[in-house]
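See below for the structure under consideration.
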Amino acid sequence: MEKHWWQRSVVYQIYPRSFQDSDGDGVGDLPGITRRLPYLKELGIDVIWLSPIYQSPNDDNGYDISDYRKIQPQFGTMEDFDRCLEEAHRLGLKIVMDLVVNHTSDEHAWFVEARKSRDNPYRDFYIWRDPKDGREPSNWGSCFGGSAWLYDDRTGQYFLHLFSKKQPDLNWDNPKVRDEVFDMMHFWLKKGIDGFRMDVISLISKDQTFPDGPAESTGYTSFNIAANGKHVHEYLEEMNRRVLSNYDIMTVGECSGVTLEEAKKYANLEGTELDMAFQFEHMSIDDDPVTGKFTEKKLFLPDLKEVLSRWETGLEGIAWNSLFWDNHDQPRIVSRWGNDSEEYRALSAKMLATCLHMMKGTPYIYQGEELGMTNYPWASVSEFNDIDSTNNYKELVEKKIMTEEEAFRALRRRSRDNARTPVQWDDSKNAGFSEADPWLPVNPNYKEINAKAELSDPDSVFHYYQKLIALRKESDLIVYGTYELLLPEDPDLYVYTRTLGEEKLLCISNFSDHLRDFDLPDSFREGKVLIGNYGGWKAGDPIRPYEALVLKI
Ligand code: GLC
């Protein structure tokens, strides 16, 4: 198998609004990121994925772009960006940018033109339809609540928006759209960026007959109809031929609704489309069939093992996995599947890290995950900022699917805002994030949980991540070994092996808060502990609450 640098890399995601403010407006920015690059170097990561920094009216915090070639003024200038990229490269760090081209903002010049008249040259950049029986052209829902169609008075047609009303979907079937997008990608790549993370790229080829979904259609059901459309692989191959293959870069597609069979195409090792795909099956195993992610349902570990193992073995030798627990759309993993009590927070954060980082694929760390940052203790609905949380809350309550109390509890657990509170740098005012009141509140636990404290504690979550990252750098077994799951039915322990030639490792993670007996396979009796979150374990010992242990022979 051909080897690639991104297979040995660890990626760190920055959500710029919440990373580091430098000009005292309560919003993170590019000079703030530049200032913190040495911290990332110390952590040991290789690649930064930068969430959108482009000009945007911020309806969806930058995922609604009004100019792909300009920097959002709140984040700084193009010079600030160039300096950040240069400094990252000087430190040996790469920067991958977010590419959001399933949709634009409604304030993008293309859409401003498109909505002027039916015969405007930009009309076909978007997806317009006449009303059907005086109503929406189909029953598709938007992911952020309500219909996916919005009626535009001026021209008497509806346009499609799978996300907010201010995020009209681009029409990828129009070759001019592809030309413009590819041209813009060259613009950034010529600046020297190191690749793209492609936002909801699996949605770009819609069935333009717009078949109705099930009667109770929601955003997520229409999303699944739109995902992996007829021409998506054709368009990505075209993108690869015309753009990607001309540079030594890394690409990862956010492939919402992707199946294993589809991922084999998106992330095929022949390199005709993308390098990796993000799949979300494991992120929805604790979802509810009706309310989706807005639920308090708990994790059932065998389900998680089944999904991740299917992806690990299913893509073996065919495509490359991307590994993640957290990102800007997910609540904090230590609060979700770990235990954020004082007693177990650090231990369970390390256990989750071990379980993920010893798998096959490229690991992604989301800002603050390396500190074991937790969900925010939301006290009322009015504190939420995210459009996904506020819109869906309203809809769940209005449609009487949940009571106010239930919907609030579900939001507390799963809202995207949990990931978006400012990074906790130290124990000074606003956790060292900003001089001013931050756009989203700082978690009050910043006095105990912050980067400064963790850097000076050799036993911290930060230093544990640092070790995991370093181990991957020096081990072909961790990067290329094959994966095998043991004990699929065990409700507490996640146990798997990795094998490469004569070398083998065993990774044991206890997802529970109790002591567990464990029959060590004979072949690992003589194994040596590569890393663990407790210390002092010997063959035959039980596995302690939230213990993680990696043995190597
Ligand atoms: C992706 C992004 C998410 C955004 C959505 C619409 O899922 O990760 O943050 O809201 O696309 O762009």
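The values are calculated or read from the model by the stated rules, or taken from the named source; none is laboratory data. Just so we're clear, the structure is a prediction, and the values are computed from it rather than from any experiment. Because the Cβ atoms are built from the backbone with ideal geometry, glycine has one as well, and the counts that use them run over all protein chains shown. Please note that ligands, DNA and RNA were not included when accessible areas were found on the heavy atoms of the full protein model with its side chains. Shrake-Rupley method; radii C 1.70, N 1.55, O 1.52, S 1.80 Å.
Around residue 107, under 13 Å between beta carbons, what's the net of Lys plus Arg minus Asp minus Glu among the other residues?
-2
Counting only the heavy atoms of the protein chains, how much of residue 285 is accessible to a 1.4 Å probe, in Å² to the nearest 10?
Counting only protein heavy atoms, residue 285 exposes about 40 Å² to solvent.
Can you give the angle from 0 to 90° between the axis of helix 78-90 and the longest principal axis of the chain, with both taken from C-alpha atoms, to the nearest 10?
30
Per-residue ellipticity at 222 nm for the chain, helices alone: DSSP H runs ≥ 4 residues times -39500 (n - 2.57), over residue total, nearest 500 deg cm²/dmol?
On the way: 16 runs with 157 residues, N = 553.
One gets -8500 deg cm²/dmol as the mean residue ellipticity at 222 nm.
Could you size up the charge dipole of the range 480-552 around its Cα centre, putting +1 on the beta carbon of Lys and Arg and -1 on that of Asp and Glu, and report it in debye to the nearest 20? Kindly include the intermediate steps, with their values, before the conclusion.
On the way: 8 positive and 13 negative charges, 67 e Å.
Taking the Cα centre of the range 480-552 as origin, the dipole is about 320 debye.
So, R0 is 30 Å and r is the distance between the beta-carbons of residue 313 and residue 502; what FRET efficiency does that work out to, to 0.05?
Working: r = 21 Å, r/R0 = 0.69.
Step by step, r from the Cβ atoms, then E = 0.90.
What full-extension length gain, to one decimal in nm, is calculated for residue 174 and residue 90 as 0.36 nm per residue of separation minus the Cα-Cα distance?
Values: separation 84, 0.36 × 84 = 30.24 nm, distance 4.00 nm.
Contour length minus the Cα-Cα distance gives 26.2 nm.
Tell me, what % of the accessible area of the range 184-255 is carbon and sulfur with a 1.4 angstrom probe?
49
Need the list of lysines near residue 504 for cross-linking: C-alpha distance under 24 angstrom, and skip anything on the same chain fewer than eight residues off.
3, 305, 350, 360, 467, 473, 528, 538, 552
Beta carbons within 10 angstrom, averaged per residue: use that to sort the peptides 191-199, 243-251, highest first.
Packing order, densest peptide first, comes out as 191-199, 243-251.
Which order do the peptides 200-210, 395-405 come out in when sorted by mean C-beta neighbours inside 10 angstrom, highest first?
Listed from highest to lowest mean packing, they are 200-210, 395-405.
May I ask for the net charge around residue 41, where only other residues with Cβ less than 14 Å from the Cβ of residue 41 are counted and Lys, Arg are +1 while Asp, Glu are -1?
+1
Take every DSSP beta bridge with both residues inside the chain and express the antiparallel ones as a percent of the total, to the nearest 5.
60
I need the peptides 60-73, 298-311 ranked by packing, meaning the mean over residues of other C-beta atoms within 10 angstrom, with the highest value on top.
60-73, 298-311
Give me the net charge of residue 56's neighbourhood, meaning all other residues with Cβ under 12 Å from the Cβ of residue 56; Lys, Arg count +1, Asp, Glu -1.
The answer is -4.
Hand me the GluC sites (Glu not before Pro) from the range 440-487 located in a DSSP loop with no more than 10 other Cβ atoms within 10 Å, in residue order please.
Details: sites: 448, 454, 474, 484; in loops: 448.
Filter output for the range 440-487: empty list.
Kindly provide the pair-distance distribution of the chain built from C-alpha pairs, with 10 Å bins from 0 and whole-percent values in order of increasing distance.
3, 18, 29, 28, 16, 5, 1, 0
On a full-extension model of 0.36 nm per residue, what is the gain between residue 3 and residue 522, subtracting their alpha-carbon distance, rounded to one decimal in nm?
183.6 nm
Please report the spacing between the Cα centers of the range 408-476 and the range 481-520 in Å, no decimals.
Cα centroid of the range 408-476 versus Cα centroid of the range 481-520: 28 Å apart.
In the range 480-552, what percent of the accessible surface is made up of carbon and sulfur (1.4 Å probe, ligands and nucleic acids excluded)?
It is 50 percent, rounded to a whole number.
Residue 230: which lysines have alpha carbons under 20 Å from its alpha carbon, excluding same-chain residues fewer than 8 sequence positions away?
Of all the lysines, those that pass the test against residue 230 - Cα under 20 Å, at least 8 places apart if same chain - are 176, 206, 264, 265.
When the Cα centres of the range 1-33 and the range 178-196 are compared, how far apart do they sit, in Å?
Taking the Cα centre of the range 178-196 as reference, the centre of the range 1-33 is 19 Å away.
Can you pull the one-decimal nm distance between simple spin-label points at residue 154 and residue 341, each 7 Å off the Cα toward Cβ?
5.9
Could you tell me the relative contact order of the range 480-552? Use alpha-carbon pairs under 8 Å, at least six residues apart, and round to a whole percent.
Value for the range 480-552: 31 percent.
Is the range 405-496 best put as rounded, prolate or oblate by its Cα gyration tensor, with a ≥ b ≥ c the root eigenvalues, rounded for a/c under 1.5, and otherwise prolate when a/b is larger than b/c, oblate when not?
On the way: a/c = 2.82, a/b = 1.42, b/c = 1.99.
Oblate, since a/c reaches 1.5 and b/c is not below a/b.
Among rounded, prolate and oblate, which fits the range 230-389 when a ≥ b ≥ c are the square roots of the eigenvalues of its C-alpha gyration tensor, a/c under 1.5 means rounded, and a/b larger than b/c means prolate?
Prolate, since a/c reaches 1.5 and a/b exceeds b/c.
Under a 1.4 angstrom probe, counting protein chains only, how are 93, 485 ranked by accessible area, largest first?
On the way: 93 0, 485 40 Å².
Of 93, 485, the descending order of accessible area is 485, 93.
By how many nm would the segment from residue 272 to residue 435 grow when fully extended, if each residue of separation counts as 0.36 nm and the alpha-carbon distance is taken off?
Going from the current span to full extension adds 54.0 nm.
Restricting to Cα atoms and excluding each atom paired with itself, what does the Kirkwood estimate give for the range 480-552 in Å? Don't skip to the answer; put the middle values down first.
On the way: mean 1/r = 0.0802 Å⁻¹.
Mean inverse Cα-Cα distance, inverted, gives 12.5 Å.
Taking H placed 1.01 Å from N in the peptide plane, check which residues at least 5 places from residue 280 or on another chain put their amide H under 5 Å from its amide H.
257, 258
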